[in-house]
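Student: Here's a structure for you.
None of the figures in this text is laboratory data; all of them are computed from the coordinates on show. A quick note: this is a predicted structure, and the numbers were derived from the prediction, not measured. Here the Cβ positions follow ideal geometry from the backbone for every residue, glycine too, while neighbour counts run over all protein chains shown.
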Amino acid sequence: MAFQQFKTFQPGASTEELFSYDKHKGRWCLSGVSCASSDAVHPLDASLGNHQWRVVAVSDFDAVFEARGAKPNAARLAGAKPEPPTLIKFGAEDPEYAEECKDESHPGSADFNRNKMNEVAEGLDDENPCKYVYGKPPKDKDLKEVEGMGFWKAIKGEPSQPGVSYKDVKECADEEGERELNLAKNAKLFFNKMKAIPGAFRLAAKISAAVPDMVAAPFGAGIQTKVGEITKTIGNVAEQIKATKIKVDKMTKKNKAAEEKKNSCQPAELGFARVFCDLHCIRDSVRKGDNAILRAIEGAVDVVGQNTQLLLEHYVARLSFSIMFSP
């Protein structure tokens, strides 16, 4: 941008002075005099000058005088130059996740609320994976009033908590392990008892074999009684009774363990319920997060477009203002 001098107030003075902007050095210069550093687009936008010269606004000297107090055209005054526009600010939106996927329903979150998670899960559709983390604890070991994933902790002798969390899956697996260990101990005890029976009765048989036969002859005609054989037979019967009792005891414990297992939890069932719910929430998060990103990009492009338009209008107005003050 440059301003050429056409007139002078001093008779005989040169009118060849040029006031221009040096974009390479970032300064306004009055030819043949000096320069002043500035990044102003128009010289009237800043207080340009030094000890030799200064930029000021002047009227058009058209000799049209106005009455005192009349207002001049604001567009022709330096103070009326266009003000920078207020640009539109951009703000991204937070996606609205599914109710069952919010922090209140997610174990491990600082805002996790077990009762809230259970309440939300109860009201979900059967095809929603998070429906199956719902669980109402039983009143007792007979599973009275139990619902969903509720169960009885047979080892600890207490009901489960509402719903299914990661901690519940871990505790369920621990209880199943302890239950299996008890079954193994009972099986070993049964084996040891059954193993001891034949040895004990073989010893009794040897002792019985050493017992002599007994003969009774009250009237001269004797009857021989094989006491050893009778003792051996009695021992065999006792052995069978003992073995049967041990087997019955084993079956009783086995049935009790099976009943406890039925009333207790299944780690795989609880684990899959929790995992499937988490996968459902991951899908919900990805879909809604992607949609929020796309909307944010669309909004950002729109804001950039509007701000560009505002800036364009502003600089066009400034350019018009500059032309208006050019000689």
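Student: Can you list the equivalent-ellipsoid semi-axes of region 130-172, largest first and in whole Å, using the square root of 5 times each Cα gyration tensor eigenvalue?
Tutor: 16, 13, 6
Student: Let me ask something additional. Scan region 105-187 for GluC sites (Glu not before Pro) in coil per DSSP, keeping those whose Cβ has at most 16 other Cβ atoms within 10 Å, and list them by number.
Tutor: Passing sites in region 105-187 are 127, 145.
Student: Here's a follow-up. Please list 287-293, 101-107, 91-97, 41-47 highest first by mean number of surrounding beta-carbon atoms within 10 Å per residue.
Tutor: With the highest mean Cβ count within 10 Å placed first, the list reads 101-107, 41-47, 287-293, 91-97.
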